[in-house]
Amino acid sequence: MARGSAPLGEVVELVAAEMVSEVCSIYVVRPGDLLELAATHGLRAAAVGHTRLRVGEGIVGLVAATGTALNLPDAQNHPAFAYRGETGEDLYASLLAVPMRRAGETLGVLAVQNRAPRRFTGIEVEVMETVAMLLAETLAASGGIAAPEEGAAGALTRRFDAAVLAGGLTMGPVVRRGSAPASRRLLTDDPAGELQRLAAATATMQRGIDELIADRLPAVAAEAAASREVLEAYRLVAADAGWLKRVTVAIRTGLTAEAAVLRVAGELRESMRRITDPYLRERLADVEDLVGRLLTALEGKAPPPPVAPGSILLARRLGPAELLDWHARGIAGVVIEEASPAGHAAILARALGLPALSGTRGVVESAADGDDAVLDGEAGHLILRPETDVSEAYAKAMAARTARQAALAPLRTAPATSADGTRIQLMLNVGLAIELDQMEATGADGIGLYRTEIGVLAKGAIADIAEQAASYARVLDAVGARPVLFRTLDLGGDKLLPGDRAEPGENPAMGWRSLRIGLDRPAVLRRQLRALLMAADGRPLSVMFPMVATVAEFRAARGLLEAEAAKAARPPERLAIGTMLEIPALLWQLPSLLAEADFVSVGSNDLMQFLFAADRGSKLLAGRYDPLSPPVLDMLDSLLEHARAASVPVSVCGEIASRPLEALVLAAMGFTTLSMPAMSILPMKALLAAADLAAFRPVLAAIRRGSGAAASLREPLAAWARERQLPI
Ligand code: PEP
Ligand code: MG
């Protein structure tokens, strides 16, 4: 009888039967380079969970160490044989042991033994290798097998530093991404039948994806359509004839549909293992997501049940559709070991408002389902099994946050006005149509920055004109009479499309990117401009260009747009053409720039990095240079002065507009339009409502006058705000 955890117990039974072997055992690699007997059919049950070998010790250890199979008619006389009396294996002469490998890593060893000395046939070895591969998939997907005896280490707190994919704070029990079920049947003598099963399952899977898009995303039609953008690249992988064809070929060699899907997934994973390009690595998450979906469809299983309230999902990788599934099941946060901030899962997590972290290697392995965890998407930590005082502190912080949000809700319908009556336009920074419901949720005055490249990155390709036009039209429909500033594609630098190679230069942020590409290869830019004009269909349209360094560049870009507008079937009733201010050189061309630009928006993220020569992505430089410093405030003053003189509206859409103290200073200086992520809008309304800008202005002036060569004015400014109990 088989011994071991239930699914592995079934596997050893099945393999022993299929191989006509008296013994089948599974050893799994445990921390400390140990191999532990995790399940057996034929050896002594008491040895399960107890028999351990070092990797490299004994035949099983040798197989694990070398990653190659051993097929031995007389194992006991092999020089590596290590006797383990508790197993009762002295009865067995022949042994076939194969490594369970995945992505270059050995996760365990699968072995069969027979009393009679025999050499296993080539086909038998292949069957064992296929089973070992399936087991490795299962182990990897489930994050390993829980050790039978949880030592003290299992209860200890673990902290993981993480990259933040989507901000927010949540705590609850963890749930690990479910394992791919081990296939019961591996081989078939009816490939035609299996091909039919595959076709039916593929159709079910595609239908499932359509349903996800139609039903499971937040309600209204525009958003559902928008999510299609996000899922389009994923859907392309789903429908990709390439990998499905390889599954078909594998079935024709005699594998069942399940085994064939897993084999092809394993091969794809192996070939993608060395890819470092984050966008291509995202495709790997897509494939894994689809494999899970296809296996579920093949098994004809019911959709998985909801998770415990507040659950935090832990996954090695996660595809976008899978994230939607888990969102529908009720998770409150997600931690993905391997995900890039610009990847699909990250984009969707932000759009769904789901706190998300990545870069936490080993977290899936360190957790057991149901362990408590704190996901801190502000500081970028995951705390597994937190100490009581830590969870209490976080619980208090969350309760305070919930209370704050409830208090802010009534502000949704109120205009953003300071205590002294200055009306400030608060606009949204968004990039996906799925985020459009934030207009209503926040009562924003419009969209101050629509980052068109986000949809392109989500899709993994630039859509054709009609599709682009449809998506821009949805944005215009959603905002109605309120303004939207569409920014043309800001690709390159760190925003690469699949297949794009990063520019070999040492400073991609200062390389051939954004409008520079648009002007050098104008076909793509022209198509985008045409799509924007089609979407407007006679309505007012505002377009701005990113990364403009010279007036000549702006003029060239403007010329392209005007030429397209002249050809449009229904030109916009009003066409406003503006520029981002992100490159310091523009600051010395303001009079001529403002004579040609209809509006300017300060992209402080890039502007700060170029002003201070400080990479905006560098953790080591974060916070080193303060925008609340004399050079920046003087620069902004000069910009405002020029803009007023030229009567050109100027707004701020970089991150500084969303930070309370910075926003207060900007508003006091005279910026009346600030554009920011949705979650900052209501807190900003509350801050402004409490702030007397007229009283603040002389204080700000005095602090600036008295600053000398201070690197930062933050402290005296914050002190003023704190004295007035402003929520900074
Ligand atoms: C900026 O640079 O401030 C900006 C808003 O653009 P992005 O962050 O998309 O580069
Ligand atoms: Mg920028």
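The values are calculated or read from the model by the stated rules, or taken from the named source; none is laboratory data. Just so it is clear, the structure is predicted and the values come from calculations on it, not from any experiment. Cβ coordinates were reconstructed from backbone atoms using ideal geometry, including for glycine residues, and neighbour counts include every protein chain displayed. These area figures cover heavy atoms from the full protein model, side chains too; ligands, DNA and RNA do not enter into them. Shrake-Rupley method; radii C 1.70, N 1.55, O 1.52, S 1.80 Å.
Per residue, how much accessible area does segment 335-404 have with a 1.4 Å probe, in Å²?
In whole numbers, segment 335-404 has 40 Å² accessible per residue.
Compute the orientation-averaged projected area for segment 365-499 from the convex hull of its Cα atoms and round it to one decimal in nm². Each step should come with its number before you reach the end.
Working: hull surface 52.9 nm².
If you wrap the Cα atoms of segment 365-499 in a convex hull and average its projections, you get 13.2 nm².
Given a Förster radius of 60 Å and the C-beta distance between Met398 and Ile465 as r, what FRET efficiency does 1/(1 + (r/R0)^6) yield to the nearest 0.05? Don't jump to the answer; show the numbers that get you there.
On the way: r = 46 Å, r/R0 = 0.76.
Approximately 0.85, to the nearest 0.05.
Determine the calculated [θ] at 222 nm for the chain from helices alone, applying -39500 (n - 2.57) to every DSSP H run no shorter than 4 residues and normalising by the residue count; nearest 500 deg cm²/dmol.
-14000 deg cm²/dmol
Going by a ≥ b ≥ c, the root eigenvalues of the Cα gyration tensor, does segment 295-428 fall in the rounded group (a/c under 1.5), the prolate group (a/b larger than b/c) or the oblate group?
prolate
Expressed as an acute angle from 0 to 90° and rounded to the nearest 10, what is the orientation of the C-alpha long axis of helix 221-239 relative to the principal long axis of the chain?
It is inclined by approximately 40 degrees.
Rounded to the nearest 0.05, what FRET efficiency do Ala711 and Glu596 have when you use their Cβ-Cβ distance and R0 = 41 Å?
Values: r = 35 Å, r/R0 = 0.86.
For R0 = 41 Å, the calculated efficiency reads 0.70.
Would you mind checking the radius of gyration and Dmax of segment 429-472 based on alpha-carbon positions, in Å?
Calculated on Cα positions, Rg and Dmax stand at 11.3, 32 Å.
Regarding segment 581-703, what's the average projected area of the Cα-atom convex hull, expressed in nm²?
8.0 nm²
Considering only the chain, what is the antiparallel percent among its DSSP beta bridges, to the nearest 5?
Just about 60 percent of them are antiparallel.
With every protein chain present, what is the per residue accessible area of segment 1-65 (1.4 Å probe, Å²)?
41 Å²
Roll a 1.4 angstrom probe over the protein heavy atoms and tell me the percent of accessible area of the chain that is carbon or sulfur.
Answer for the chain: carbon and sulfur cover 56 percent of the accessible area.
Using every Cα-Cα pair within segment 49-149, state what percent have a distance larger than 24 Å. Please report the intermediate quantities before stating the final value.
Details: 1079 of 5050 pairs.
Of all Cα-Cα distances in segment 49-149, 21 percent exceed 24 Å.
Using Cα pairs closer than 8 Å and at least 6 residues apart in sequence, work out the relative contact order for the chain, in percent. Mind dumping the intermediate values first?
Values: 1371 pairs, mean separation 70.8, N = 728.
So the answer I get is 10 percent.
Let me make sure I get this right: for segment 545-628, a, b and c are the square roots of the gyration tensor eigenvalues over alpha carbons, sorted descending. Under 1.5 in a/c it's rounded, otherwise prolate if a/b > b/c, else oblate. Which is it?
Numbers: a/c = 3.08, a/b = 2.35, b/c = 1.31.
Since a/c reaches 1.5 and a/b is larger than b/c, the shape of segment 545-628 is classed as prolate.
What stretch of the chain, leaving out the sites themselves, is the longest with no chymotrypsin sites (Phe, Trp or Tyr not before Pro) in a DSSP loop having at most 14 other Cβ atoms within 10 Å?
Here the longest run is 84-511.
Would you work out the charge dipole size for segment 60-147 about its Cα centre, treating the Cβ of every Lys and Arg as +1 and the Cβ of every Asp and Glu as -1, and quote it to the nearest 20 debye?
On the way: 6 positive and 9 negative charges, 13 e Å.
The calculation lands at about 60 debye.
Counting Lys and Arg as +1 and Asp and Glu as -1, each charge on the Cβ, what is the dipole of the chain about the Cα centre in debye, to the nearest 20?
Values: 75 positive and 85 negative charges, 208 e Å.
Approximately 1000 debye in magnitude.
At 25 °C and 0.890 mPa s, what whole-number value in µm²/s does Stokes-Einstein give for the translational diffusion of segment 339-385, with Rh from the Kirkwood sum over Cα pairs?
Values: Rh = 11.7 Å.
Reported coefficient: 210 µm²/s.
Normalise the Debye intensity by I(0) for segment 42-98, one equal point scatterer per Cα, no solvent, then take log10 at q = 0.20 Å⁻¹ and round to two decimals.
Normalising to I(0) and taking log10 leaves -0.74.
Compute log10 of I(q)/I(0) for the chain with the Debye formula, placing one identical point scatterer on every Cα and leaving out solvent, at q = 0.09 Å⁻¹, to two decimals.
-0.88
Of all the Cα-Cα pairs you can form in segment 4-99, what percent are over 24 Å apart? Could you put the intermediate results ahead of the total?
Numbers: 506 of 4560 pairs.
Every Cα pair in segment 4-99 considered, those over 24 Å come to 11 percent.
With a probe of 1.4 Å, find how much accessible area segment 666-728 has per residue, and write the answer as a whole number in Å².
Numbers: 2830 Å² over 63 residues.
On a per-residue basis, segment 666-728 sits at 45 Å².
Which entries of Lys567/Lys685; Lys245/Lys459; Lys301/Lys396; Lys459/Lys567 show an alpha-carbon separation above 30 angstrom in the structure shown?
Going by Cα-Cα distance, Lys567/Lys685; Lys301/Lys396 fall outside the 30 Å limit.
Specify the longest stretch of the chain that does not include any exposed loop site, a site being one of the trypsin sites (Lys or Arg not before Pro) with a non-H, G, I, E, B DSSP assignment and at most 14 other Cβ atoms within 10 Å. Working shown, then result.
Details: sites that count: Arg115, Arg119, Arg184, Arg185, Arg273, Arg274, Lys301, Arg361, Arg501, Arg574, Arg624, Arg724.
It runs 362-500.
With a ≥ b ≥ c taken as the square roots of the eigenvalues of the C-alpha gyration tensor of segment 283-358, please select rounded if a/c is under 1.5 and otherwise prolate if a/b is larger than b/c or oblate if it is not?
oblate
Using alpha-carbon positions, what is the distance between the centroids of segment 626-646 and segment 391-449, in Å?
Using only Cα atoms, the two centres lie 27 Å from each other.
How high is the FRET efficiency from Asp189 to Thr417, r the C-beta distance, R0 60 Å, rounded to 0.05?
0.20
Given the Cα-Cα distance of Thr672 and Ala718 and 0.36 nm per residue of separation, how much length would full extension add, in nm?
Stretched fully, the Thr672-Ala718 segment lengthens by 14.5 nm.
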